[in-house]
1. Please work out if A:T15 is surrounded by fewer than 18 Cβ atoms within 10 Å (Cβ to Cβ) and either at positive phi or outside any loop (DSSP other than H, G, I, E, B) (or both).
2. What is the one condition in (1) modelled with pLDDT of 95 or more; (2) in contact with a Leu (Cβ under 9 Å, 6 or more places away or on another chain) that B:S51 does not satisfy?
3. Would you be able to tell me the number of residues in the stretch A:26-69 that are part of a loop (DSSP other than H, G, I, E, B), open to solvent by less than 60 Å² (accessible area, probe 1.4 Å), under 21 Å from A:Q112 (Cβ atoms) and more than 8 Å from chain B (Cβ to nearest Cβ)?
4. Tell me whether the stretch A:89-107 contains one or more residues that are in contact (Cβ under 8 Å) with a residue 12 or more places away in the chain, part of a loop (DSSP other than H, G, I, E, B), touching a His at 6+ places or on another chain (Cβ under 9 Å) and surrounded by 14 or more Cβ atoms within 10 Å (Cβ to Cβ).
5. If we only count strands (runs of 3 or more DSSP E) wholly inside the stretch B:1-107, which ones have 1 or more residues that are of a type in the set (A, V, I, L, M, F, W, C), in contact with a Ser or Thr (Cβ under 7 Å, 6 or more places away or on another chain) and more than 28 Å from A:K57 (Cβ to Cβ)?
6. If the requirement is being under 24 Å from B:W34 (Cβ atoms), under 11 Å from the mean Cα position of the chain (by Cα) and of a type in the set (K, R), which of these qualifies: A:R30, A:R22, A:R36?
7. Name the residues in the stretch B:1-36 that are open to solvent by less than 20 Å² (accessible area, probe 1.4 Å), under 20 Å from A:H41 (Cβ atoms) and of a type in the set (S, T, N, Q), would you?
8. Among the residues that make up the stretch B:15-37, is at least one of them away from chain A (no Cβ under 14 Å), in contact with a Lys or Arg (Cβ under 7 Å, 6 or more places away or on another chain), in contact (Cβ under 8 Å) with a residue 40 or more places away in the chain and not hydroxyl-bearing (S, T, Y)?
Amino acid sequence: DAGITQSPRHKVTETGTPVTLRCHQTENHRYMYWYRQDPGHGLRLIHYSYGVKDTDKGEVSDGYSVSRSKTEDFLLTLESATSSQTSVYFCAISPTGTGNGDEKLFFGSGTQLSVL
Amino acid sequence: SQQGEEDPQALSIQEGENATMNCSYKTSINNLQWYRQNSGRGLVHLILIRSNEREKHSGRLRVTLDTSKKSSSLLITASRAADTASYFCATAGSSNTGKLIFGQGTTLQVKP
């Protein structure tokens, strides 16, 4: 999957615990994204990054934070996991991010997160 | 909020038949993309069509765009069992992120 590694691939956690998902890329792409995929909602953008230490919110950012200290790593943290955050989380990368919808995204294989 | 919405939600055809899926969107766009997702995997980019293009081809894929109707269609000709997947359209959202927003997808099953 285009030099993108998501870890862990599966995780089960309890309500109220903090959880961190990691996305690692070897493509040196500037833009990185976190999406969640849920039945009936498609993919929804959580947060994205346009450079080291440069991040911004997406459509569904409440309850999530991100950090990007290196070009290759983008971390997604659920500060206090809730059952509504049970989902499949996808990381994506792109070399450009014009905002015109022409950035071609490359996706990781996803992390299945279950919050009990 | 969804920018693009696919129709139908699910489609089942026989191998060799053509598959057509549609995407409608709400606001003006500059570009529209189609992605495929195989079960348990991430999305893979298929094709991008710009707002000044009406039709684009890539192998067995044909994409059309009608900006007056705010709709696009993806046609897969001579389908194969390997085309079984979910297909998503994506456009830049009208929100201030300007980032890609995906529809809910069409699930295509191609029976051998």
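The values are calculated or read from the model by the stated rules, or taken from the named source; none is laboratory data. Model, not experiment: these values are computed from the prediction. No Cβ is skipped: glycine too gets one built from the backbone with ideal geometry, and neighbour counts run over all protein chains shown. Ligands, DNA and RNA are excluded from the accessible area calculation, which covers all protein heavy atoms including side chains. Shrake-Rupley method; radii C 1.70, N 1.55, O 1.52, S 1.80 Å.
1. Answer is no for this residue.
2. (1)
3. So the answer is 3.
4. yes
5. It comes to B:10-14, B:19-25, B:43-50, B:61-66, B:71-76.
6. Values: A:R30 fails: under 11 Å from the mean Cα position of the chain (by Cα); A:R22 fails: under 24 Å from B:W34 (Cβ atoms).
Result of the check over A:R30, A:R22, A:R36: A:R36.
7. Across the stretch B:1-36, the qualifying residues are B:Q3, B:Q33.
8. For the stretch B:15-37, residues away from chain A (no Cβ under 14 Å), in contact with a Lys or Arg (Cβ under 7 Å, 6 or more places away or on another chain), in contact (Cβ under 8 Å) with a residue 40 or more places away in the chain and not hydroxyl-bearing (S, T, Y): present.
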